[in-house]
Amino acid sequence: MTVARSRAKTTTPDWIPKLARLLPAGELLWDERTLQAHASDKWFASHRPEAVVLARSTASVARTLRFAHEHRIPVTARGAGHGYVGGCVPVRGGIVLSLARMNRILEIHPQDFVAVVEAGVRTAHLQAEVEKRGLFYPPDPASRADNTLGGNIITNAGGPRCLKYGVTRDYVLGLEVVLADGTTLCLGGRTHKNKTGFDLHRLFVGSEGLLGVVTTATLKLLPLPPYRANLAVGFGRMRDAVRALHGILQAGYLPSALELADAFTVEAARRRTGSRRLRGCDALLIVELDGQERSVRSEIRHLRQLVRAHQPRFIQVGLGPEACEAVWQIRREFSYALRDTGLTKLNEDIVVPRSRLEDLFEFAARLQKKYGIPVACFGHAGDGNIHTNLMVDLQQPGAQQKAEAALDELFRQVLAWGGAITGEHGVGLAKKQWWPLAVSPEVRELHRRIKAALDPHGILNPGKFVEI
């Protein structure tokens, strides 16, 4: 949990007036307030850039990168700044290139099932607009009301609906990308099938701003499912909840979401909401189905019978969108409830094979006992992506060192099980020290070669997990 902090600088670099002449008025700023506002994300690191470009067009992005490439100036692209791993922190200073003003939905085509958007469009805004037309964009990261599609693309964001519908990568048909030297590429297309050459647009999905800057995306849409239903199920033991989860999948169901929370998380939510139902629950399972109303109603009845065999303390049924949202309100309270504890939440988005879910919860309990740090686990259990949150009192002497030791033990165990150190948030700065454990030397070298080919001067998001 290395924390970077920058010292205030008093001199203005001589390259700033030169870049200002290349950009439209108001796009280049270097006042102290703007620089500080673009120095960090939702993680702990902060570093002040020397200038911020608030680009309104791909042309401005290209001019900025061409200039930076020529003068060897670091450039860190930024969306809404809602990342959890320090991915958009400009640790080498230079330019923060913000895509926030490129926020237009350029096209929604109902017959082609395609949307064309600029990188700064908020995820929830696109979802609302396509649903008005009976269409569906499934990726649903928790901060979708605030985060941008460009940020989703470069982190390959997910969310609860990944289980059935897949992650952001599965909806990217084409990208407009500006390379480090200012070259603008149009990759992929707008058809739902395309095998013309290499699948180059997907190279930039999940690239964390290290290979190029995404300015526009062509996204696949689906028909909007006409009906939803879900269950919230409380259990006295985590073992029963995990077995119910496996039973749902073994029975042939593929829910649109399958979420699981542990005792610490459930108790925090109970205190926040005052819910009597949650009292005495050591686990909470949420399962949602979507599709045609008749079939969904029939399937949710069967699922209710199925989970009853695993001794639940309660079952809450949500039929239709409003009732479903009432169930999800419990899930949405988790992060707020954990903040209510007054502890600092270290949010780790590890992934384990599904067969290791019960092992993960047991291991988290052992970590809690060993280090004296509460561990709150909740998340996308259907695909093994559990947000494992260390709840740390940073005012306590030695707390940060204990947290780092616990994280190291957690990541090493997850990798030993064949899991991954990140499923949604990315490597960024937060997981940089575990990058060498997560992939082989040969794979790290391949990353470095690709980086060197596309960004030979190493100006894009320097200081992160791949450098040349």
Those residues that are under 28 Å from residue 97 (Cα atoms) and of a type in the set (A, V, I, L, M), I need them from the stretch 199-251; list them, please.
200, 203, 205, 210, 211, 213, 214, 217, 219
Of all residues being out of contact with any Gly (no Cβ under 9 Å at 6 or more places or on another chain) and among the small types (Gly, Ala, Ser) in the stretch 199-242, which is farthest from residue 429 (Cα to Cα)? Just the residue, please.
212
Condition test on residue 424, is it surrounded by 20 or more Cβ atoms within 10 Å (Cβ to Cβ), under 17 Å from residue 160 (Cβ atoms), touching a helix residue (DSSP H, G or I) at 6+ places or on another chain (Cβ under 8 Å) and of a type in the set (D, E, K, R)?
yes
Selected residue (only one of 269, 244, 283, 261 is closer than 17 Å to residue 377 by Cβ, in contact with a Cys (Cβ under 9 Å, 6 or more places away or on another chain) and of a type in the set (Gly, Ala, Ser)):
261
Got at least one residue in the stretch 277-291 being modelled with pLDDT of 95 or more and surrounded by fewer than 19 Cβ atoms within 10 Å (Cβ to Cβ)?
yes
Criterion (of a type in the set (Val, Ile, Thr) and either surrounded by fewer than 17 Cβ atoms within 10 Å (Cβ to Cβ) or in contact with a Cys (Cβ under 7 Å, 6 or more places away or on another chain) (or both)) met by exactly one of 351, 317
317
Across the stretch 362-399, the tally of residues that are among the polar types (S, T, N, Q), surrounded by 15 or more Cβ atoms within 10 Å (Cβ to Cβ) and more than 30 Å from residue 256 (Cβ to Cβ) stands at 1
Count - residues of the stretch 127-155 that are within 19 Å of residue 228 (Cβ to Cβ), modelled with pLDDT of 95 or more and hydrophobic (A, V, I, L, M, F, W, C)
4
Picked from the stretch 411-447 (must be of a type in the set (Val, Ile, Thr) and in a helix (DSSP H, G or I)), the residue nearest to residue 41 (Cα to Cα) is 414
Just checking, which of 224, 231, 260 is out of contact with any His (no Cβ under 7 Å at 6 or more places or on another chain), within 28 Å of residue 113 (Cα to Cα) and of a type outside the set (Asp, Glu)?
224
With the condition kept exactly as written, say whether any residue in the stretch 436-453 is among the hydroxyl-bearing types (Ser, Thr, Tyr), over 25 Å from residue 213 (Cα atoms) and not assigned by TED's automatic domain parsing to the domain that holds residue 349.
yes
Is one or more of the residues making up the stretch 192-209 in a loop (DSSP other than H, G, I, E, B), under 30 Å from residue 62 (Cα atoms), polar (S, T, N, Q) and within 25 Å of the chain's Cα centre (by Cα)?
yes
Do you know which residues across the stretch 93-136 are part of a strand (DSSP E or B) and over 19 Å from residue 173 (Cβ atoms)?
95, 96, 97, 98, 122
Answer residue from the stretch 249-280, given it is without any contact (Cβ under 8 Å) to a residue 60 or more places away in the chain and among the hydroxyl-bearing types (Ser, Thr, Tyr) and is farthest from residue 295 (Cα to Cα) among those:
275
Look through the stretch 45-83, keep the residues that are in a loop (DSSP other than H, G, I, E, B) and of a type in the set (Lys, Arg), and return whichever of them is nearest to residue 177 (Cα to Cα).
56
Which one of these does residue 298 not meet: (1) small (Gly, Ala, Ser); (2) at positive phi; (3) not assigned by TED's automatic domain parsing to the domain that holds residue 419?
(2)
Residues of the stretch 143-186 being more than 17 Å from residue 221 (Cα to Cα), assigned to a loop (DSSP other than H, G, I, E, B) and not aliphatic (A, V, I, L, M), which ones?
143, 146, 147, 160, 181, 182, 183
Would you tally the residues in the stretch 55-79 being in contact (Cβ under 8 Å) with a residue 40 or more places away in the chain and surrounded by fewer than 21 Cβ atoms within 10 Å (Cβ to Cβ)?
10
Check the stretch 223-242 and report whether any residue there is more than 21 Å from residue 304 (Cα to Cα), buried (at least 17 other Cβ atoms within 10 Å of the Cβ), touching a residue at least 40 places away in the same chain (Cβ under 8 Å) and among the hydrophobic types (A, V, I, L, M, F, W, C).
no
Please give the number of the condition residue 339 fails out of (1) over 22 Å from residue 414 (Cα atoms); (2) over 23 Å from the mean Cα position of the chain (by Cα); (3) among the basic types (Lys, Arg).
(2)
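The values are calculated or read from the model by the stated rules, or taken from the named source; none is laboratory data. Remember, it's a predicted structure, so these values are computed and weren't measured experimentally. Glycine gets a Cβ as well: all are built from the backbone with ideal geometry, and neighbour counts include every protein chain shown.
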